[in-house]
Amino acid sequence: MIVLKKTTRNNLYTYALVIVAYLIVQLLISGGNISSSLQGQLVPICAYVILAISLNLTVGILGELSLGHAGFMSIGAFAGVVACISLEQIIPITILRLIVSLIVGALFAGVAGFLIGIPVLRLKGDYLAIVTLAFGEIIKNIINILYVGLDKAGLHVSFLSDSNALNLGDGGRVIIDGPLGITGIPKLSTFTIGFVLILITLFIVLNLIDSRSGRAIMALRDNRIAAESVGIHITKYKLMAFVTSAALAGAAGTLFAMNYSTIIASKFGFNTSILILVFVVLGGLGNIRGSIIAATLLTILPELLREFNSYRMLLYAIVLILTMLATNNDAFKSHLGALKERLLPAKLRKEKGGAENG
């Protein structure tokens, strides 16, 4: 009989949760039991799940508060869409072009995470939060004055007042038009692609957490001085977590952007960063499975409450408060644990007890 480690079992449960949820949704779609408006939320849900998992790597596993996650998302969104439109003639196969765009979005966001992380990760606590918040706002404002066009000569980039400064040739196309963002985006994102990207994100994050590097990252979170005293390289492991988190956010941004025909920089502002942080806090810091569930439920909830339009935000706020109280209440957790023990069959309880004693 093969005995799996507790962490391996938990990871398999997490994969199983995502796979079962995907199969259930596909069955509901094929049976016509999901409304068109809810179907339109499936790709954003996948993007938000990836963002919540990636931010949990920084906030929950590394223990550093970042408020600029939407900035990495926006870099991935705009870089990925520019790559997709630029490669339209070179890569006519849509699925291949989408994959290349996701990789480009992840790479650009990862590079930004590396460049920002070098000076920023020397800070901690509120100072780190303030600087990452400023980074998110700076990125948004840079994109608002960015003009990118494409013609036979290649890409043209300008930070001047309007798209005329690009000096595009005949047949040229403006891709990023400053505050107007990008219009005419090919809608290549699908629920299946989002599902696969969630699995890839889980594979990267869960394997990183369970690795030697992951244990070093958690040691930094628990006691930085003790970790440094045993030779753990602080900057190296902080950057590893931060860059991985940023790259995954960039891929999620590309997935999110290519579900819409138009995107603008203001979509990726401070409120989006706070929303992603809410997913992480409500799901539990360091709890990857909790982040998946929280991101899914809190994205669907406003749509489900739409018929109660007058009281929708009030009900949403009440649900958030109750969830926060429940997930941060030790008594509630102990009662839940006792209930799970009672529901387990006697044979499983005996095997579990024997394993713990062994």
Checking residue 48 against (1) part of a helix (DSSP H, G or I); (2) open to solvent by less than 20 Å² (accessible area, probe 1.4 Å), the condition it does not meet: (2)
Can you find a residue in region 242-249 that is open to solvent by 10 Å² or more (accessible area, probe 1.4 Å), more than 11 Å from the chain's Cα centre (by Cα), free of Cβ contacts under 8 Å to residues at least 40 places away in the same chain and closer than 19 Å to residue 120 by Cβ? no
Of the residues in region 126-155, those that are farther than 19 Å from residue 264 by Cα, open to solvent by 40 Å² or more (accessible area, probe 1.4 Å) and not basic (Lys, Arg) number 6
Where residues in region 253-274 are open to solvent by 50 Å² or more (accessible area, probe 1.4 Å) and outside any loop (DSSP other than H, G, I, E, B), which of them is nearest to residue 100 (Cα to Cα)? 262
Within region 168-213, can you find the residues that are in contact (Cβ under 8 Å) with a residue 60 or more places away in the chain and in a loop (DSSP other than H, G, I, E, B)? 181, 184, 185, 186, 187, 188, 189, 190
Please state which of the following conditions residue 227 fails to meet, knowing it meets all the rest: (1) open to solvent by less than 10 Å² (accessible area, probe 1.4 Å); (2) part of a helix (DSSP H, G or I); (3) touching a residue at least 12 places away in the same chain (Cβ under 8 Å). (3)
From 112, 106, grab the single residue that is within 20 Å of residue 196 (Cβ to Cβ) and surrounded by 17 or more Cβ atoms within 10 Å (Cβ to Cβ). 106
Which of the residues that make up region 213-222 are under 14 Å from residue 60 (Cα atoms) and open to solvent by 20 Å² or more (accessible area, probe 1.4 Å)? 215, 218, 219, 221, 222
Check 169, 178 and return the single one that is open to solvent by less than 80 Å² (accessible area, probe 1.4 Å) and under 16 Å from residue 79 (Cα atoms). 178
Selection from region 1-38 of residues that are under 22 Å from the mean Cα position of the chain (by Cα), surrounded by 13 or more Cβ atoms within 10 Å (Cβ to Cβ) and among the β-branched types (Val, Ile, Thr): 14, 18, 19, 25
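The values are calculated or read from the model by the stated rules, or taken from the named source; none is laboratory data. Owing to the predicted nature of the structure, the values given are computational and were not obtained by experimental measurement. Glycine gets a Cβ as well: all are built from the backbone with ideal geometry, and neighbour counts include every protein chain shown. Surface accessibility is based on the protein's heavy atoms, side chains included, excluding ligands, DNA and RNA. Shrake-Rupley method; radii C 1.70, N 1.55, O 1.52, S 1.80 Å.
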